Amino acid sequence: MFGRSGDLRQLDAALRGADLHPALVPEAVKLTLVNLMKDRWSDEPPPQAYPTVALLFGFCIAGPDAFERANGHERRLEAERRMDAALEAGDSFDAQIVLMTMHAKLINPELVERYGLSAD
């Protein structure tokens with residue numbers, strides 16, 4: 001009854017699946033991710049949405065090389081494509097994930113330099 005919400009349990013599992021231990025992510029950041037997802041889907045976020053969110057979020061934190069070592073080359077390419085598209089679109093769901101990671105000061109410095117990111 002007073003346990004962890006189903007949304008946060010699903011996010012934690014998805015983060016583990018992206019080789020990011022949930023304990024390394026502040027609770028406020030996880031709550032923000034879940035709220036972004038709830039804003040994105042009018043109903044509850046579908047179960048398959050959690051791994052896709054965790055993929056981009058994990059890439060933003062780990063950076064390209066560490067992410068590839070843990071998740072493989074194809075998943076790195078997928079994350080890079082999404083990152084490119086997010087930065088091009090500017091106001092997409094993926095762009096919100098990237099921006100939130102920047103504001104939380106969790107974004108990998110290599111990505112900040114590569115993409116010329118700033119939160120101004």
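Each reported figure results from applying straightforward, stated rules to the coordinates on display, with no laboratory input. The model shown is predicted, which means the values in this text are computed figures rather than measured ones. With ideal geometry, Cβ positions are generated from the backbone for all residues, glycine too; neighbour counts draw on all protein chains shown.
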**Study point:** Dipole axis of the range 1-84 (+1 Lys, Arg; -1 Asp, Glu on Cβ), positive-most option in Ala18, Gly63, Met83
**Key:** Ala18
Review point. Based on DSSP H runs of at least 4 residues, each adding -39500 (n - 2.57), what is the mean residue ellipticity at 222 nm of the chain after dividing by all its residues, to the nearest 500 deg cm²/dmol?
Key: -21500 deg cm²/dmol
Check your understanding: With +1 on each Lys and Arg Cβ and -1 on each Asp and Glu Cβ, how big is the dipole of the chain about its Cα centre, in debye rounded to the nearest 20?
Key -> 380
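Ranked by Cβ crowding within 10 angstrom, fewest neighbours first, how are Asp19, Asp7 ordered? Before the final figure, lay out the partial values.
Numbers: Asp19 15, Asp7 18.
Least crowded to most crowded, the residues run Asp19, Asp7.
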Study note, to complete from the structure: Along the range 70-83, Karplus-curve 3J(HN,Hα) (6.51, -1.76, 1.60; θ = phi - 60°) to the nearest Hz, with x for Gly and Pro, reads 7, 10, x, 5, 4, 5, 4, 4, 4, 5, 5, 4, 5, 5
Exercise for review: Pull up all non-local amide H partners of Gly63: gap of 5 or more, or a different chain, and H-to-H distance under 5 Å with H placed in the peptide plane.
Suggested key: Asn108
Check your understanding: Which residue, Pro46, Pro109, Pro64, tops the fluctuation ranking in a GNM of the chain built on C-alpha contacts under 10 Å?
Key -> Pro46
